[in-house]
1. Could you count how many residues in segment B:270-298 are in a strand (DSSP E or B) and either surrounded by fewer than 24 Cβ atoms within 10 Å (Cβ to Cβ) or not polar (S, T, N, Q) (or both)?
2. Could you grab me the full set of residues in segment B:347-370 that are touching a helix residue (DSSP H, G or I) at 6+ places or on another chain (Cβ under 9 Å) and surrounded by 24 or more Cβ atoms within 10 Å (Cβ to Cβ)?
3. Say whether the condition of being over 18 Å from the mean Cα position of the chain (by Cα), part of a strand (DSSP E or B) and without any contact (Cβ under 8 Å) to a residue 12 or more places away in the chain is met by at least one residue in segment A:1-19.
4. Hey, among the residues in segment A:79-94 that are more than 15 Å from the chain's Cα centre (by Cα) and crowded, with 22+ Cβ neighbours inside 10 Å, which one's farthest from A:ALA45 (Cα to Cα)?
5. With respect to the numbered conditions (1) assigned to a loop (DSSP other than H, G, I, E, B); (2) more than 14 Å from chain B (Cβ to nearest Cβ), which one is the sole condition not fulfilled by A:ARG51?
6. Could you list, in sequence order, the residues of segment A:77-94 that are over 13 Å from B:ASP444 (Cβ atoms), part of a strand (DSSP E or B) and at the interface with another protein chain (Cβ under 8 Å from one of its Cβ atoms)?
7. Looking at A:MET134 and the list (1) buried (at least 18 other Cβ atoms within 10 Å of the Cβ); (2) within 14 Å of chain B (Cβ to nearest Cβ); (3) not charged (D, E, K, R), which single condition is not satisfied?
8. So if I check each of A:GLY65, A:GLY59, A:GLY80, which one is in contact with a Pro (Cβ under 6 Å, 6 or more places away or on another chain) and closer than 19 Å to A:ASN24 by Cα?
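The values are calculated or read from the model by the stated rules, or taken from the named source; none is laboratory data. This structure is a prediction, so every number in the text was calculated from the model and none was measured. Please note: Cβ atoms are built from the backbone with ideal geometry, for glycine as well, and neighbour counts cover all protein chains shown.
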Amino acid sequence: MLLEISDLSARVAGKEILKGINLNVNAGEVHAIMGPNGSGKSTLAQVLAGREDYEVTRGTVKFDGQDLLTLPAELRARAGLFLGFQYPVEIPGVNNVYLLKAALNAKRKAAGQPEVDAYEFLSLIRQKMKFMQMSESFLTRGVNEGFSGGEKKRNEVLQMLVLEPKLAILDETDSGLDIDALKVVSTGVNSLRDASRGVVLVTHYQRLLDYVVPDHVHVLSGGRIVKSGDRSLAHELERRGYDWVLESRVA
Amino acid sequence: MSTKPQDVEALVGQKYRHGFITDIESDSLPPGLDEGVVAAISQKKNEPQFMLDWRLKAFRHWKTLREPSWAHVHYKPIDYQDISYYSAPRAPANGPKSLDEVDPKLLATYEKLGIPLHERARLAGVAVDAVFDSVSVATTFKDKLGKAGVIFCSFSDAVRDHPRLIERYLGTVVPASDNFFAALNSAVFSDGSFVYVPPGVRCPMELSTYFRINAAKTGQFERTLIIAAEGASVSYLEGCTAPMRDENQLHAAVVELVALDNAQIKYSTVQNWYPGDENGLGGIYNFVTKRGECRGRNSKISWTQVETGSAITWKYPSCVLRGENSVGEFYSVAVANNYQQADTGTKMIHIGRNTKSTIVSKGISAGHAENTYRGLVKILPSAAGARNFTQCDSLLMGAKCAAHTFPYMEVKNPTATVEHEASTSKIGEDQLFYCLQRGISAEDAVNMIVSGFCKVVFKELPMEFAVEAQNLLSVSLEGAVG
């Protein structure tokens, strides 16, 4: 089991957002987490990534055999957990490539591998950028500095491809993308799919799931997973909205 | 964020690296200040009468002034009678003639500070004037510069060897009556650097002065005067350090720059005076008046400063843009950590037509520090077509520090263009978490974010010093995120 979430509860600023999440992700699987606004999707992603102002009040998370919740954020990342941010932050003056190289080398160092030098890294990133159909200007720009919404998302996927995580959690990576960008991003995500990795897609829309086809779909509402199914559940949600899931649960 | 408070504390524990004391016999005046002391300083330096007169006039004026209180800084009143106004390492009569005569302890001090003065170890391409307490102990590459016609020497030597230039330019940019600290400096200044670059000469190397305060209970009052004649250009850098002492020490310098027609002066500062300990005990009071005058047309003066040290910094390197088409620039990174207080900025006074100024100020506050940008852009009626661009950004680290911005503008010519941009951001959680999530450690992340923030200023520094500045910054802020 790659990721094993048991009875996870967490609060932010004193408010309980997650109320007992249970979710298992096996290597090789793609899971989609859907749900109405404010249901706790992003909170779940942030908690798994180790954001400090999110307080875990109950439950356990195992990641690749380790107790995830005791690890600080950077060690989670080095262990192979990647979060594609919903709103990637701008870091003015810090070169995009420089950050990514530092990230890759931090991970390699932790794994006892030699660091890549600037030359090797440049050829690696050029190849990945080409794949993501990104212009050379990304090499010289600051981290997300002045990027459009779509460029930021593409950049997140680029980072994911370079870091090759065991588990990628993509928080609304599809939002704000036009159809062409969505295809590129999806191709990027699909290229990472293999038997040793898992992907968790947090999304509002079924649209992304036409391109990155999930093995499992979960509906998160009120801090709990209220329904799980296969990809047909996503279609049903698209057609009927969320209300019927919530109502059927109450009934 | 993964760094726990106790880790942060440990990181902050990184000590000031230049805090050692050189045990050397010195010749000091007893604490106290009166006309006798002013005369004694002048006499020790064998100054001509005009200098003594100038000092005494400044002193008499100083006595009529009150210490300014408008800056956003707080400190206990300074007892000006409790400071020694002159301290010099004992040296052979009339000072050392060459490096061989300089006390080895002094050479070792500079070696330890990373400023080797010996021929074989000198910094390539950089001429250094080393000022220790009240006197200049050595100036390197004098001969090579002499061949190009450039005068680079201690202020005392300049008074002796080039009295005409001193008499002509001293106090013409910062008059003795300018302000409280400038008046005090004019009365008691003991040494500093002098640079004259003759017409049409591009100074063949970087010039640099390294100021070191060593003696206790001593003030350092140095004076720097740089003149770039018609078509000349020069790049000058000053560095500053001091031992760690529990009492505060006063440093009140005056720097004057004069750029004639088509001349350019680039003045860079890496200020790393002892900032006091983590509880705010000790540290240097850095009360400095720096001003350049673009006296000639098409002249340019550019200030770049990286201010990481001092308990209190009060300093506004300014440009008087008198010449038509002249250009003034101010690039600043001011860091205040623990209990440091910084009130710094610039004044751009536009007098000539089509004068242009650029101000880029980056303030970083951490710990309990207070960091203030104070700037004035003044466009006089004569300055048709004048332009200014000002950008002030503040970065806050932690919740107990503060940043303030006081931009003043006086525009008296309707054809002028003045632009101002300002931002305050918290280092933040978001940026930090983004880096951590990519596997980068908190310490590396902070360094990365801060140096990104300062990048536009660092690129103005001479190459050799950009690296030093970067390192200094990471030491000053190590572990400042909590």
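1. If we filter segment B:270-298 for residues that are in a strand (DSSP E or B), which is where we start, we get B:270-271, B:283-294.
Okay, now just the ones that are also either surrounded by fewer than 24 Cβ atoms within 10 Å (Cβ to Cβ) or not polar (S, T, N, Q) (or both), so B:270, B:283-285, B:287-288, B:290-294.
Summing the residues that are in a strand (DSSP E or B) and either surrounded by fewer than 24 Cβ atoms within 10 Å (Cβ to Cβ) or not polar (S, T, N, Q) (or both) in segment B:270-298 gives 11.
2. Going residue by residue through segment B:347-370, those that are touching a helix residue (DSSP H, G or I) at 6+ places or on another chain (Cβ under 9 Å) are B:360-362, B:364, B:366-367.
Listed by number, the residues that qualify are B:SER361, B:LYS362, B:ILE364, B:ALA366.
3. yes
4. Filtering first and then ranking leaves A:VAL94.
5. A:ARG51 satisfies every listed condition except (2).
6. Filtering segment A:77-94 down to residues over 13 Å from B:ASP444 (Cβ atoms) leaves A:79-90, A:92-93.
Pick out the ones that are also part of a strand (DSSP E or B) and you get A:81-84, A:92-93.
Scanning segment A:77-94 gives A:PHE82, A:LEU83, A:PRO92, A:GLY93.
7. (2)
8. On the way: A:GLY65 fails: in contact with a Pro (Cβ under 6 Å, 6 or more places away or on another chain); A:GLY59 fails: in contact with a Pro (Cβ under 6 Å, 6 or more places away or on another chain).
After applying the criteria, what remains is A:GLY80.
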